[in-house]
Amino acid sequence: MVVDTTIAGITVGDAHPVRIMGVINLSGESFYKGSVTKTGNVVPAAEQMVAEGADFIDVGARSTWPLADKITKEEERRRLIPALEQLIGTVDVPISVDTQYAGLAREALEMGAHIINDVSGLSSDPGMAEVVHEYGCPVVVMASDRVPGDVIGMDAVMDSLDKIIKKAEDTGIATEKIIIDPAIGKWVPEKVPIYDFETIDQLERLKVFGKPVLAAISRKSFIGEVVNKPSADRLMGSIAATAIAVYKGAHIIRTHDVADTDDAIRVAEAIKGRNITAGKSDYSIEVLDITSAKDAPGYFDRIGTTGMGGRGTKDKTVYRVLKINNVTTTQSLVIKQEALSRGCDAALRDAMSHETDSVELILMGTELQLKRLAAKLECQARDLPVIAGLVRSAMQRFKDTTYRYG
């Protein structure tokens with residue numbers, strides 16, 4: 001789904017430059033001490049970020065790092081409100097407020113803040129959704145279930161965001177005001193780095209929601225696990241992950257390091273190229289990049305197909321190409337014939353002459369066609385059940401997080 005919207009006066013989407021959200025961090029409890037801004041330096045820090053390319057400034061006074069000391073709402077307010085008093089009307093970009101609490105969100109919006117960034121996905125405070133609706137402001141919602149970021153694995157991220165978006169829209173929040181955040185980072189102890197690798201690698205799956213995607217990657221622990229460095233030394237790792245996130249479809253990057261991140265974003269954008277669309281007169285076409293059949297029903301729902309029809313055809317939306325090595329010429333001919341009869345296609349050298357003992361075979365088909373082919377080969381002789389098992393294993397490993405990223 002093509003994303004094209006305006007967030008607090010800033011155009012955001014597939015046809016627009018990737019936007020940068022600079023972080024003003026007022027919390028001394030944060031995991032990255034170098035990011036903490038003192039009260040007297042809030043305006044110079046924000047002005048420098050804007051000069052370096054920030055399109056938004058995100059102000060937060062509570063660390064969401066799981067190991068941080070907890071503070072009260074009163075302490076969060078004591079830090080946040082004076083900073084907003086300095087920033088609003090002084091810095092010429094929209095101000096986002098990072099808070100989970102409706103009272104603070106209301107006070108910030110009354111002061112002139114533009115965006116609410118709620119890492120709990122509107123779940124920590126039951127009144128937050130209503131405040132966002134009342135003020136008609138854009139809102140960033142992060143994938144969460146019981147506590148911020150507790151979703152494990154990309155499938156869980158997708159399910160969580162689907163529920164959060166529906167809750168937001170049911171409350172009356174305008175669909176074009178919703179920005180989604182896939183919860184990159186070690187939000188709960190059981191979330192190990194492979195899940196962040198998976199999320200960034202599969203970020204394009206979020207396209208099904210048709211919403212701007214915000215990726216908050218800067219200096220997080222999964223980078224430290226790879227480079228074995230503390231947060232202060234993770235800039236280059238953050239840049240690498242950011243470039244991939246942009247290539248995979250992020251529309252907004254939240255960062256502590258605006259200038260260096262801006263360079264990475266522009267290069268990644270240039271390499272990524274445009275989404276493929278075509279239009280003339282009243283007609284238009286967009287190419288859907290569906291990489292997981294689990295996401296297909298979401299696309300079907302958005303054009304009004306029946307639930308049964310969507311579920312029945314989802315395995316036809318993802319196409320796979322498999323290369324099978326070292327099969328006999330007889331096996332290859334049987335596999336090709338069975339593949340063709342199920343709508344797949346196959347490519348191999350001329351096996352009719354039996355000039356060689358073994359050949360390589362390339363199979364092409366949708367996930368549904370390849371599953372049906374494997375089921376048929378299970379019943380054959382000549383080690384074809386072994387090959388069927390390998391086809392099943394290869395198909396399953398597309399979805400195996402530990403295998404792919406462990």
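Here is how the numbers come out for the structure above:
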{"item": "Potential lengthening between Ile303 and Arg266 on full extension [0.36 nm per residue; Cα-Cα distance subtracted]", "result": "10.0 nm"}
{"item": "Probe 1.4 Å - accessible area at Glu52, Å² to nearest ten", "result": "60 Å²"}
{"item": "Centroid-to-centroid separation of segment 47-121 and segment 267-297 [C-alpha atoms, Å]", "result": "34 Å"}
{"item": "Highest-MSF residue in the chain out of Gln369, Gln48, Gln337 [GNM, Cα springs under 10 Å]", "result": "Gln337"}
{"item": "nm² value of the averaged projected area, convex hull over the Cα atoms of segment 1-44", "result": "5.0 nm²"}
{"item": "Candidate residues His16, His114, His251: accessible-area rank, largest first, probe 1.4 Å", "result": "His114, His16, His251"}
{"item": "Whole-percent pair-distance distribution, where bins are 10 Å wide, for the alpha carbons of segment 167-280", "result": "13, 40, 32, 12, 2, 0"}
{"item": "MRE, 222 nm, helices only [DSSP H, n ≥ 4, -39500 (n - 2.57), over the chain, to nearest 500]", "result": "-12000 deg cm²/dmol"}
{"item": "Candidates Leu80, Leu384, Leu235: whichever shows maximal mean-square fluctuation once the chain is modelled as a Gaussian network with Cα springs under 10 Å", "result": "Leu384"}
{"item": "Positive minus negative residues near Pro230 (Lys, Arg vs Asp, Glu; Cβ under 13 Å)", "result": "+3"}
{"item": "Candidates Asp145, Asp55, Asp69, ranked by Gaussian network fluctuation over the chain, Cα under 10 Å, top entry", "result": "Asp69"}
{"item": "Solvent-accessible heavy-atom area per residue, rounded to whole Å², over the chain at 1.4 Å", "result": "47 Å²"}
{"item": "Extreme residue, positive dipole direction of the chain, given options Gly273, Thr401, Ile223 (C-beta unit charges)", "result": "Thr401"}
{"item": "For segment 382-399, 3J(HN,Hα) per residue [Karplus equation, 6.51 cos²θ - 1.76 cosθ + 1.60, θ = phi - 60°, Hz, x = Gly/Pro]", "result": "6, 6, 5, x, 5, 5, 4, x, 5, 4, 4, 5, 4, 5, 5, 5, 4, 10"}
{"item": "Potential lengthening between Lys163 and Thr39 on full extension [0.36 nm per residue; Cα-Cα distance subtracted]", "result": "40.9 nm"}
{"item": "Efficiency of FRET between Thr313 and Lys399 - r from beta-carbon atoms, R0 25 angstrom, step 0.05", "result": "0.85"}
{"item": "Viscosity 1.567 mPa s, 4 °C: Kirkwood-radius Stokes-Einstein D of the chain over Cα pairs, µm²/s", "result": "56 µm²/s"}
{"item": "Sulfur and carbon atoms: percent of accessible area, the chain [1.4 Å]", "result": "51 percent"}
{"item": "Furthest towards positive pole of dipole, Tyr319, Thr330, Tyr195, structure part the chain, Cβ charges", "result": "Thr330"}
{"item": "Efficiency of FRET from Cβ geometry, Met364 and Asn326, R₀ 25 Å, rounded to 0.05", "result": "0.85"}
{"item": "Degrees between helix 235-248 axis and first principal axis of the chain (Cα, 0 to 90, nearest 10)", "result": "60 degrees"}
{"item": "Förster-model FRET efficiency, 22 Å R0, Met111 and Glu74, C-beta, rounded to 0.05", "result": "0.80"}
{"item": "Estimated vicinal HN-Hα couplings, Hz - segment 142-156 in sequence order (Karplus 6.51, -1.76, 1.60; Gly, Pro = x)", "result": "9, 4, 7, 10, 8, 9, x, x, 7, 7, 10, x, 5, 4, 5"}
{"item": "Space enclosed by the convex hull of the alpha-carbon atoms of segment 207-366, per residue, Å³", "result": "212 Å³"}
{"item": "Shape category assigned to segment 248-331 from the gyration tensor of Cα positions, a/c cut at 1.5", "result": "oblate"}
{"item": "Area projected by the alpha carbon convex hull of segment 1-93, averaged over all directions, nm²", "result": "7.4 nm²"}
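The values are calculated or read from the model by the stated rules, or taken from the named source; none is laboratory data. Quantities reported herein were computed from a predicted structural model and do not represent experimental measurements. When we count neighbours, we look across all protein chains shown, and the Cβ atoms used for this are built from the backbone with ideal geometry, even at glycine. Side chains included, ligands, DNA and RNA excluded: accessible areas come from the protein's heavy atoms. Shrake-Rupley method; radii C 1.70, N 1.55, O 1.52, S 1.80 Å.
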